[in-house]
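Peer 1: If you scroll down you'll find the structure; I have some questions about it.
The values are calculated or read from the model by the stated rules, or taken from the named source; none is laboratory data. What you see is a predicted model; the values in this text were computed from it and never measured. No Cβ is skipped: glycine too gets one built from the backbone with ideal geometry, and neighbour counts run over all protein chains shown. Side chains are part of the model used for accessible areas, which takes the heavy atoms of the whole protein and leaves out ligands, DNA and RNA. Shrake-Rupley method; radii C 1.70, N 1.55, O 1.52, S 1.80 Å.
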Amino acid sequence: MRLPGDSPPPHAEEPKGGRRVEARAASSPLLEARAVTRRFGGGGWFGTKRPALVAVDNVSLPLGPGETLGIVGESGSGKSTLARMLVGLLQPSAGDLALDGEALDLGRGADRRRLQRRAQMVFQDPASAMNPRKTVGASVEAPMIGLKGWDAPRRKARVAELFARVGLAPEHAARHPHEFSGGQLQRIGIARALSADPRIVVLDEPVSALDVSVQAQVLALLRELRAGGGLSLVFVSHDLAVVEALCDRVVVMRRGRVVEEGACRAVLSAPREDYTRELIQAARRFAA
Ligand SMILES: Nc1ncnc2c1ncn2[C@@H]1O[C@H](COP(=O)(O)OP(=O)(O)O)[C@@H](O)[C@H]1O
Ligand SMILES: [Mg+2]
């Protein structure tokens, strides 16, 4: 199903493969991280100063329109920190982001809002990502409030449309989070991310907290979003099989840095780095 404001699917009919990915990366990226670094801590009182932890270290990353980019790496490698910076929830300590080729000054509220309008996030734990006191419909509606041209009737219609899109009955909008299963809540989280019609959705381990039996439903929904075209997805996961099934391009992170990147199939079938090879082997052992 197509949403109002979606651009036509740029490459929806083309097969997955390296050549198309190269062509995309060469065109102007929709969103680009440029030498982005994020440090934590390092402050402290006189005499107790510790070195800062560098969670993301000088990462440059273009995201093309309609592209699905996977981010993989061991726990603590900086995936979530990078993901949060891409949607403006966290500011880089150094480097910057460019949206449609224009540098953003994330110290300015106007630029942060511009990014947040374009890029939305889906979190790992859907239960804690949703306000328990609000109806889920109100949560899905929230990103639309205050947008030009989105009066209450239009917002309500949009909520109903989004619930249908993620496979839930519109009546569910009147219920509270505790009335849903994890898989349903994650689909509601995806509806909320889509509600203000973003160009980019960043999903941070969106199925890791779910039972295996419901993971498949959420992944099927993501595959649908991907096939709809128009939307760029960033999919953070340690599940390499899922990344391979879903993503065009993948970056491999280790200790805050990108150690390998390329077309998804190429990287996962013929990794250049030992670290990537180890991740793949660990995933195989886990699956066996
Ligand atoms: N808010 C924070 N304050 C301090 N350290 C943090 C914070 N967020 C993440 N870190 C640290 O940054 C590193 C990268 O974390 P994270 O981005 O969550 O990695 P991943 O998502 O790959 O597991 C870890 O060492 C983590 O402990
Ligand atoms: Mg994480």
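Peer 1: How large a share of the accessible area of the chain, in percent, is made up of carbon and sulfur atoms when the probe is 1.4 Å and the other protein chains stay in place?
Peer 2: Working: 7280 of 14000 Å².
The computed percentage sits at 52.
Peer 1: What is the spin-label model distance, in nm, from E161 to D100 if the labels are put 7 Å beyond Cα along the C-beta direction?
Peer 2: A separation of 2.0 nm, rounded to one decimal place.
Peer 1: How much length is gained if the chain between S75 and S128 is pulled fully straight, taking 0.36 nm per residue apart and subtracting their Cα-Cα distance, in nm to one decimal? Kindly include the intermediate steps, with their values, before the conclusion.
Peer 2: Values: separation 53, 0.36 × 53 = 19.08 nm, distance 2.01 nm.
Contour length minus Cα-Cα distance gives 17.1 nm.
Peer 1: In debye to the nearest 20, how big a dipole does the chain give about its Cα centre with +1 on each Lys and Arg Cβ and -1 on each Asp and Glu Cβ? Don't skip to the answer; put the middle values down first.
Peer 2: Values: 41 positive and 32 negative charges, 123 e Å.
Charge dipole, the chain, about its Cα centre: 600 debye, nearest 20.
Peer 1: I want to check a number: in the chain, how many lysine pairs have alpha carbons closer than 30 Å, given a sequence separation of 8 or more or different chains?
Peer 2: Numbers: K16/K79; K49/K79; K79/K134; K134/K148; K134/K156; K148/K156.
Step by step, the pairs that qualify in the chain add up to 6.
Peer 1: Shifting gears a bit: Relative to the present Cα-Cα distance, how much length would full extension add between Q281 and V212 at 0.36 nm per residue of separation? Don't jump to the answer; show the numbers that get you there.
Peer 2: Working: separation 69, 0.36 × 69 = 24.84 nm, distance 2.06 nm.
The Q281-V212 span can extend by a further 22.8 nm.
Peer 1: Suppose all protein chains stay in the model; what accessible area per residue would a 1.4 Å probe give for the range 19-287, in Å²? Let's see the in-between values first.
Peer 2: On the way: 12590 Å² over 269 residues.
Solvent-accessible surface per residue comes out at 47 Å².
Peer 1: Could I ask something else about it? Which shape class applies to the range 207-260: rounded if a/c is under 1.5, otherwise prolate when a/b exceeds b/c and oblate if not, where a ≥ b ≥ c are the square roots of the Cα gyration tensor eigenvalues?
Peer 2: Working: a/c = 2.57, a/b = 1.31, b/c = 1.96.
It comes out oblate by the Cα gyration axes.
Peer 1: What do you get for trypsin sites (Lys or Arg not before Pro) in the range 190-288 restricted to DSSP loop and a cutoff of at most 16 other Cβ within 10 Å of the site's Cβ? Show your work: numbers first, answer last.
Peer 2: Details: sites: R192, R199, R223, R226, R249, R254, R255, R257, R265, R272, R277, R284, R285; in loops: R199, R255, R272.
Sites meeting the loop and neighbour criteria: R255, R272.
Peer 1: How high is the FRET efficiency between H178 and A152 when r is their beta carbon distance and R₀ equals 30 Å, given to the nearest 0.05? Write down the numbers at each step before the final one.
Peer 2: On the way: r = 26 Å, r/R0 = 0.86.
Between H178 and A152 the formula returns 0.70.
Peer 1: Something else about it: Of S128, L104, P206, whose Cα points farthest to the positive end of the dipole of the range 19-287 (charges on the beta-carbon: +1 Lys, Arg; -1 Asp, Glu; origin at the Cα centre)?
Peer 2: Value: L104.
Peer 1: Taking θ = phi - 60°, what integer Hz values does the Karplus form 6.51 cos²θ - 1.76 cosθ + 1.60 yield along the range 266-283, in sequence order, with x for Gly and Pro?
Peer 2: For the range 266-283, the Karplus-derived couplings read 4, 5, 7, 8, 9, x, 8, 9, 4, 4, 4, 4, 5, 4, 5, 5, 4, 5 Hz, x marking Gly and Pro.
Peer 1: Among DSSP beta bridges lying fully in the chain, give the percent that are antiparallel, nearest 5. Each step should come with its number before you reach the end.
Peer 2: Numbers: 20 of 38 bridges.
Rounded to the nearest five, the antiparallel share is 55 percent.
Peer 1: List the longest stretch of the chain that has no exposed loop site; here a site is one of the chymotrypsin sites (Phe, Trp or Tyr not before Pro) assigned by DSSP to anything other than H, G, I, E or B, with at most 11 other Cβ within 10 Å.
Peer 2: Values: sites that count: W45, F46.
Here the longest run is 47-288.
Peer 1: Once you have all Cα-Cα distances for the range 45-200, histogram them in 5 Å bins from zero and send the whole-percent values.
Peer 2: For the range 45-200, the binned pair fractions read 1, 8, 15, 17, 17, 15, 12, 7, 4, 2, 1, 0 percent.
Peer 1: In addition: How long is the chain along each principal axis, judged by its Cα atoms, biggest number first, in Å?
Peer 2: On the principal axes, the chain reaches 52, 51, 38 Å in Cα extent.
Peer 1: Let me ask something else. In whole angstrom, note down how far apart the Cα centers of the range 78-128 and the range 137-175 are.
Peer 2: Going from one Cα centre to the other spans 23 Å.
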